[in-house]
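The values are calculated or read from the model by the stated rules, or taken from the named source; none is laboratory data. Values in this document were obtained by computation on a predicted structure and should not be read as measured data. Every residue, glycine among them, receives a Cβ derived from its backbone with ideal geometry; neighbour counts consider all protein chains shown.
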């Protein structure tokens, strides 16, 4: 499944022309990952076992404006032995209902033991939570055929 989060941009998220600044999308993507973080780390207790971000890539496709209604989609797109990827999309909805993809992001996380500073295998509890959020856009397309 993918999780969604509605966003109404603020003036502070924009440049002088009313277009959403690229850095706002990275903040929104981070905020949209919070429910997954909360399940992985109840009470946000990260030590001794935690996660580190290994890489974040964002691609921008379409401009968003301050008065656009935006939505993020967030899902786990890959689960490895010691790492996993979270993929996200930022969509805007036009007045006629058409949805436009504005940006995509892939964030790669690796496990870390903060005591010995080494990666460790994903625990069974982590795998259960990550599988709950695991999804592929191909799954949505299957239903449309």
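For the range 104-139, which residues satisfy the criterion of being assigned to a helix (DSSP H, G or I), out of contact with any helix residue (DSSP H, G or I) (no Cβ under 9 Å at 6 or more places or on another chain), at pLDDT below 95 and closer than 21 Å to residue 87 by Cα? Within the range 104-139, 137, 138, 139 qualify. Residues in the range 47-71 that are within 30 Å of residue 96 (Cβ to Cβ), loosely packed, with under 13 Cβ neighbours inside 10 Å and over 17 Å from the mean Cα position of the chain (by Cα): 62, 67. Within the range 83-95, does at least one residue satisfy the condition of being modelled with pLDDT under 90 and either in contact with a helix residue (DSSP H, G or I) (Cβ under 8 Å, 6 or more places away or on another chain) or surrounded by fewer than 17 Cβ atoms within 10 Å (Cβ to Cβ) (or both)? For the range 83-95, residues modelled with pLDDT under 90 and either in contact with a helix residue (DSSP H, G or I) (Cβ under 8 Å, 6 or more places away or on another chain) or surrounded by fewer than 17 Cβ atoms within 10 Å (Cβ to Cβ) (or both): present.
Return the residues of the range 97-107 that are under 19 Å from the mean Cα position of the chain (by Cα) and either closer than 15 Å to residue 131 by Cβ or free of Cβ contacts under 8 Å to residues at least 40 places away in the same chain (or both); say none if nothing qualifies. Scanning the range 97-107 gives 99, 100. Out of 78, 82, 94, 31, one residue alone is within 23 Å of residue 125 (Cα to Cα), without any contact (Cβ under 8 Å) to a residue 24 or more places away in the chain and touching a strand residue (DSSP E or B) at 6+ places or on another chain (Cβ under 8 Å). It is 78. Going through (1) under 15 Å from the mean Cα position of the chain (by Cα); (2) closer than 22 Å to residue 139 by Cβ; (3) surrounded by fewer than 16 Cβ atoms within 10 Å (Cβ to Cβ) one by one, residue 75 falls short only on (3). Scanning the range 17-46 for residues that are closer than 14 Å to residue 3 by Cβ, within 13 Å of the chain's Cα centre (by Cα) and part of a helix (DSSP H, G or I) turns up 28, 29, 30, 31, 32, 34, 35, 36, 37.
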